[in-house]
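Below is one structure; the comments refer to it alone.
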Amino acid sequence: MNKELLSKFANKLDRRFSRAYDGQTMLEWVSVNIMLDGVPFSTQGYEFQDAIMNDMHPSMSVIKCSQIGLTEVQIRKALGFITRNRGVSCIFSLPTELLYRRVSQTRVQPLVARNKVFNKEQDEESVRSMSIIQVENSFLYLTACTESDATSTAADCVMNDEVDLSDQKMLSLFNSRLLNSDWHISQGFSTPTFQSYGIDADYKASDQRKYMRRCEACNHWNWPEFNTKFCVFPDMPSSVEDLMELNQEIVNEMDLSKCYVACEKCHAPLTGPREWVATYPGRTAKRGYWVTPFSTDRRKLSSIVDELLKYKKRDFIKGFYNTVLGHTHSDATTQITIESIEAAMKKGTANYGELPHDVPLAVGIDVGQTCHITIGNANGKDVYLFEPIPVGKLVERIKGLKEKYNIVAGCIDRLPYTPTAEEVAKVTNNVIIPMQYQTGKDSDMKLVLDEFEHLSHASMNRTKILDEVAAQARNYEWVFSGYGHQKEILTQHLRNMVRVEEPEKPAVWTKLDQADHYFHSLGLFLAGLKFRPLVIEHMLGGVGTTVDMAIGTIGSYQATPGLPGTGPVSTRVIRHIKPGFQ
C-alpha cells in the first residue's frame with residue numbers, strides 16, 4: 001500500500017478515535033492521549049498522584065501543599081472525564097476571575113489545542129472558548145466562583161480548585177448542579193487555612209487517607225511531619241526543641257546538606273516504599289487524601305527550612321503552615337480558643353436567672369432575621385445573658401428591658417436593618433445607639449450627626465473592637481452566664497471568626513462558614529461602653545443646667561463611680577440638652 005495513503009488513513013483514524021481501551025485507568029488514558037509539547041504526562045517523582053488521578057469517587061476531598069502538581073492532575077482528569085464519556089458535563093471552578101482566566105489561558109487551552117484526542121473530525125464545529133471546552137457532545141465549563149456561573153449550568157462532575165479561597169456559599173451552589181446527574185461526582189482540592197473549615201472540614205468527614213512510608217530498618221509505617229520527631233539536623237543546637245524556632249542565625253551555623261527525614265520509631269533514614277492508608281476505612285461515603293511536602297522526595301528538607309526563613313522574614317507564619325506544609329494554622333491571636341471559651345463559661349452560670357436590678361448594664365445587639373442580644377455588667381467583662389430573638393420582636397423586648405433594668409449604655413448593629421436600629425435608639429433615649437463598622441483610614445471612633453446635629457449613629461474600626469473581644473478571651477477576662485442551652489451555639493459563634501493578617505494588608509476578622517452573631521454582639525456590647533462618654537458629652541453641654549438635673553431627666557445615666565463618663569459631675573453646668581436626646 002502507498003505509504004502516503006497509509007499515513008493519511010492512520011491520521012484519519014487518529015482524528016476519529018481516541019486511544020482508549022476497556023479497563024484503562026484514567027492515568028493510563030491521560031499518559032497516552034494528553035501530552036504537553038509532545039511529552040507524555042508522567043507522575044515520576046510524584047507517585048502519590050496516581051491514586052488521586054484514578055479516583056472518580058463521587059465525594060472526594062484533597063488537602064494539598066502548594067506547588068505539588070495537583071492542579072495539573074485535576075485539569076487532565078476533567079478533560080479525560082468529558083472525552084471518555086459521551087454527553088457529560090464537568091464544572092471546573094477557581095476562586096477568582098483572575099485565576100480562572102490564567103488557568104484557562106496557560107494550562108487548559110494549550111492542552112486542548114495541541115492534542116489530537118480533543119480535535120477529532122466530529123469536533124470541527126465544537127465550541128472552544130476561555131470558559132467552554134466542547135469535545136463531541138460533552139462539555140467542560142471553566143469558571144470563577146461566582147453566583148451567575150454557579151446557578152446556570154447542570155453538571156455530572158464538579159471539581160473545585162482552592163476550596164478554602166472560594167466563597168463557601170458558591171461552592172454549595174455549584175454542587176447543587178449535580179442533583180439530576182447519574183454520576184454526581186464532587187471533588188475538591190485546596191491548600192488548607194483554618195481548622196474545621198473548608199477542605200479541612202471535608203477531609204475530617206472522609207476516610208482520611210495519608211501517604212505513609214515504611215521504614216526499611218524496622219518496618220514501622222510513618223507519616224512524616226515537620227518536627228524533631230521526623231526531621232533530623234545533626235548539627236542543630238540542642239536548645240532548639242521546636243523547628244519553628246529556627247532562624248537565620250541558627251541556620252547559618254548548620255550544614256543543611258546533612259539533614260534527613262527519619263523513622264519516628266528507630267530513627268533510621270526513611271527510604272522505604274510509600275502507600276496510601278485510610279485512617280477510617282469504614283467511611284466509604286467520602287474519600288479523602290492529604291498531600292504534604294513529605295509525599296515526594298522532590299521536596300528536600302533543606303528547601304522547607306529555606307521557605308520557613310522566608311515566611312518568617314515576611315512575618316507570615318500562617319502562610320508557611322498552609323502553603324508549604326499543607327497544614328491548617330490558627331492560634332490564640334487568630335481564633336478564640338475552645339479553652340478560653342470554656343473557662344469563661346466555667347466562671348459563670350449557664351442558667352443565671354433574673355438580671356440584677358442594682359447593677360449598671362450594657363447591651364450589644366447583632367441584627368438579622370434573628371437578633372442576638374448580649375447583656376452584661378458595665379465593667380465590660382461579666383456577661384449575664386445571651387438571647388436570640390426574632391427581629392420583629394426586638395424593639396418591644398429592648399423597651400421592656402430598659403424599663404425594668406438599669407441599662408446605661410449599648411450599641412446595636414446599624415446595618416442592614418437601619419429603621420430597627422433607629423427605633424431601638426428612640427425607645428431607649430439613645431442609651432443604645434446604632435453603630436456602623438468602618439474600615440480604612442477614616443475609621444476612628446466617632447459619633448455621626450445628621451444635618452440638624454442630632455445624633456445619627458456611631459462608627460468604629462471593625463477590626464479594633466473585635467480584637468478587644470478576642471483579647472479579653474485570650475486573657476481569660478470574660479465571665480459568661482445566662483447562655484442556657486446555647487453552649488454549643490455560643491462556642492460556634494466565637495470560633496467562627498478568624499483574624500486574617502497578610503503582609504502589607506490591614507488585618508481583618510473574617511467569618512468562616514457558619515454563624516458568628518454572638519461574636520459581633522459582644523463587640524457591640526464593648527463598643528457601647530466606649531461610646532458612653534461621647535454620647536454624654538454630646539447630649540449634655542453648655543451652661544444653665546446642672547448635669548445632675550439633666551441626668552435626672554433621662555434616668556439611666558446615673559453617676560456611677562468607676563464607669564466611663566461618670567464621677568463628680570454635679571459641679572458641671574451645661575447650656576442645654578441638645579436636640580434628639582429626649
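Observations on the structure shown:
- Each residue in segment 304-328 was checked for being touching a Pro at 6+ places or on another chain (Cβ under 8 Å) and of a type outside the set (Lys, Arg), and 9 of them qualify.
- Candidates ARG86, ARG76 - the one that is within 18 Å of MET26 (Cβ to Cβ), among the basic types (Lys, Arg) and surrounded by fewer than 17 Cβ atoms within 10 Å (Cβ to Cβ): ARG86
- THR71 being open to solvent by 10 Å² or more (accessible area, probe 1.4 Å), part of a helix (DSSP H, G or I), closer than 21 Å to ALA154 by Cα and touching a helix residue (DSSP H, G or I) at 6+ places or on another chain (Cβ under 8 Å): no
- One residue alone among ASP156, ASP200 is over 27 Å from TYR46 (Cβ atoms), open to solvent by less than 30 Å² (accessible area, probe 1.4 Å) and touching a Phe, Trp or Tyr at 6+ places or on another chain (Cβ under 8 Å), and that residue is ASP156.
- Residue that is surrounded by the most Cβ atoms within 10 Å (Cβ to Cβ) [pool: residues in segment 256-282 that are modelled with pLDDT of 95 or more, under 21 Å from ARG299 (Cβ atoms) and small (Gly, Ala, Ser)]: ALA262
- Of all the numbered requirements in (1) open to solvent by less than 20 Å² (accessible area, probe 1.4 Å); (2) part of a loop (DSSP other than H, G, I, E, B), PHE189 misses one, and that requirement is (2).
- Within segment 37-63, residues that are without any contact (Cβ under 8 Å) to a residue 12 or more places away in the chain reach partners that are assigned to a helix (DSSP H, G or I) and not acidic (Asp, Glu) with beta carbons closer than 6 Å, at six or more positions or on different chains, in the pairs PRO40/SER31.
- Some residue of segment 115-130 being closer than 17 Å to ILE82 by Cβ, within 27 Å of the chain's Cα centre (by Cα) and in contact (Cβ under 8 Å) with a residue 24 or more places away in the chain: no
- Matching entry among SER295, SER340 (being modelled with pLDDT of 95 or more, farther than 20 Å from TYR46 by Cα, open to solvent by less than 20 Å² (accessible area, probe 1.4 Å) and out of contact with any Ser or Thr (no Cβ under 7 Å at 6 or more places or on another chain)): SER340
- Restricting segment 89-104 to residues that are more than 14 Å from ILE133 (Cβ to Cβ) and open to solvent by less than 10 Å² (accessible area, probe 1.4 Å), the residue that is nearest to the chain's Cα centre (by Cα) is LEU94.
The values are calculated or read from the model by the stated rules, or taken from the named source; none is laboratory data. Note that the coordinates shown come from a computational prediction; the quantities given were computed from them, not determined experimentally. Don't worry about glycine lacking a Cβ; one is built from the backbone with ideal geometry, like all the others, and counts go over all protein chains shown. What goes into the accessible areas is simple: the full protein's heavy atoms, side chains included, and nothing from ligands, DNA or RNA. Shrake-Rupley method; radii C 1.70, N 1.55, O 1.52, S 1.80 Å.
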